[in-house]
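The values are calculated or read from the model by the stated rules, or taken from the named source; none is laboratory data. Keep in mind the model is a prediction, meaning the values are calculated, not measured. Because the Cβ atoms are built from the backbone with ideal geometry, glycine has one as well, and the counts that use them run over all protein chains shown.
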């Protein structure tokens, strides 16, 4: 017996999954800036210290908790290295909810 697979049962791979964490960061930040999405940046600032701890940078997390300036400086760093890897699920979720394509 021959099985027929419908197009509905075969899902296309998400092109976002192939991107680096750094590229996901760039796309998410660019989208948020273009749409003046302050909520995105606020959520990023809230979860960034946990990502820094997971990435082995507890001093950065402590600085972020103590000063807002630390948060602002780290927005750029949130797209690099291990911190970007820890934030990857956050960027993927944001980009998918807003239907951003690479």
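Points to keep in mind about this one:
- Scanning segment 83-102 for residues that are in contact with a helix residue (DSSP H, G or I) (Cβ under 8 Å, 6 or more places away or on another chain) and over 14 Å from residue 49 (Cβ atoms) turns up 84, 85, 88, 91, 92, 94, 95, 96, 98, 100, 101, 102.
- Where residue 36 falls short, out of the listed (1) outside any helix (DSSP H, G or I); (2) within 11 Å of the chain's Cα centre (by Cα): (2)
- Enumeration of residues in segment 48-80 that are within 22 Å of residue 17 (Cβ to Cβ) and modelled with pLDDT of 90 or more: 51, 54, 55
- Filtered residue count, segment 56-102, keeping only those that are surrounded by fewer than 19 Cβ atoms within 10 Å (Cβ to Cβ), touching a residue at least 24 places away in the same chain (Cβ under 8 Å) and not in a helix (DSSP H, G or I): 6
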